[in-house]
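Engineer: Next up is a structure, given as structure tokens.
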Amino acid sequence: MIDTGPLDGPSNMALDEALLTCFDPGNSLPLLRIYGWSPPAFSLGRFQKPEEVVDLEGCARAGIPVVRRVTGGGCIFHAEELTYSIVCTPGQISDIVGVKESFRRLCGFLLLAYRRLGLSPAFAVDSLDRPTRLGERTPLCFAGTEEYDILVGGRKLGGNAQRRSRGLIFQHGSIPLQPALAQAQPYLRCPLPAGAASLAEAGVPLAQETLKEQLLVSFEEHLGISLRSSTPGREETEIAGQLRETKYCNDSWNLAGEAA
């Protein structure tokens, strides 16, 4: 388990990719990273056209970074939230092969954590309050609902995205503590989603450290493992630094999506 605290947008995305790049399927332990965002930032899905989603000039004037993730999905505004990322092999989570199976397995710790907080969460595919259409592509992550998104009272709580690379599973997800979409609205070129919620809006206002404690305990219990605190290794740190400067601070990736 690596807790890096809050970092800026380019540093967060660079470290996530570096952890995936350096993961050795034969020797590396499965990895959970916990982090935050400072300053607030927009992250774009890998295949999005930024000019269709956000006001790039307005973001630049306001000092709001716009970065592109290595995962797909819609745009997310990262502010009052806790974010996690996971790197592992399918065999490290009970030989799960399919993407949907791995989403259900890996996101299960979130269900457990939310239950510990007194909520009644459910995967969208299992919820009676789910939208009539699942899997609809939307410009904003929180506007659309996938089968294994988590709903509380019919509202989507956070979002998760996954990528497969070299036979590895990389997944990261956003857990909003406080409502932040109104803060993002001036910089968006699309309507705000009506069906999204933060923990505070779901009736559980709490500090980031409290949520972090619940997530870690729930992660251990759900997967039947013991977490060991660690820090990024030398190679991971060096690669993250290179990726930050050559890729995630570079318009050729963030705005055009070209390989850097």
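Engineer: Which ³J(HN,Hα) values in Hz, rounded to whole numbers, follow from the phi angles of the stretch 166-171 under the Karplus curve 6.51 cos²θ - 1.76 cosθ + 1.60, where θ = phi - 60° and Gly and Pro get x?
Structural biologist: Taking θ as phi minus 60°, the curve returns 6, x, 9, 9, 10, 9 Hz for the stretch 166-171.
Engineer: Express as a percent, rounded to the nearest 5, the fraction of DSSP beta bridges in the chain (both residues included) that run antiparallel.
Structural biologist: Around 70 percent of the beta bridges assigned by DSSP in the chain are antiparallel ones.
Engineer: Highest first, please rank the peptides 37-44, 241-248 by the mean number of other Cβ atoms sitting within 10 Å of their residues.
Structural biologist: Top to bottom by mean Cβ count within 10 Å: 37-44, 241-248.
Engineer: Sort 101-112, 209-220 by the packing proxy (mean of other Cβ within 10 Å over each peptide's residues), most packed first.
Structural biologist: Packing order, densest peptide first, comes out as 101-112, 209-220.
Engineer: In whole angstrom, and with the biggest value first, how far do the Cα coordinates of the chain range along each principal axis?
Structural biologist: 47, 44, 33
Engineer: Projecting each Cα onto the charge dipole of the stretch 20-84 (Lys/Arg +1, Asp/Glu -1 at the beta carbon, about the Cα centre), which of Ala79, Pro50, Ala60 comes out farthest on the positive side?
Structural biologist: Pro50
Engineer: Still on this model: Which far-off residues, 5 or more places away or on another chain, put their amide H under 5 Å from the one on Glu81, with H placed in the peptide plane?
Structural biologist: HN-HN under 5 Å from Glu81: Trp37, Leu177.
Engineer: A further question follows. Take the alpha-carbon centre of the stretch 83-118, take the same for the stretch 32-47, and report the distance between them in whole Å.
Structural biologist: That distance is 19 Å.
Engineer: Quick query: amide H of Gly158 versus all other amide H atoms, modeled in the peptide plane; which residues come in under 5 Å with a sequence gap of 5 or more or a different chain?
Structural biologist: Ala197
Engineer: Binning every alpha carbon pair distance of the stretch 175-260 at 10 Å from zero, what are the percents per bin?
Structural biologist: 13, 22, 30, 33, 3
Engineer: Moving on. Rounded to the nearest 500, what is the chain's calculated 222 nm mean residue ellipticity when only DSSP H runs of at least 4 contribute -39500 (n - 2.57) each, over all residues?
Structural biologist: Helix contribution divided over all residues of the chain: -8000 deg cm²/dmol.
Engineer: Explain nothing, just the number: dipole magnitude of the stretch 2-253 about its Cα centre with +1 on each Lys and Arg Cβ and -1 on each Asp and Glu Cβ, in debye rounded to the nearest 20.
Structural biologist: 420 debye
Engineer: Would you mind ranking Asp149, Asp8 so that the residue whose beta carbon has the fewest other beta carbons within 10 Å leads the list?
Structural biologist: Arranged by neighbour count, lowest to highest, Asp149, Asp8 become Asp8, Asp149.
Every read-out reported here was derived from the displayed coordinates using simple, explicitly stated rules and does not represent laboratory data. Quick caveat, the model's predicted, so the values are computed rather than measured. Neighbour counts are summed over all protein chains in view; Cβ atoms, including those assigned to glycine, are modelled from backbone coordinates with ideal geometry.
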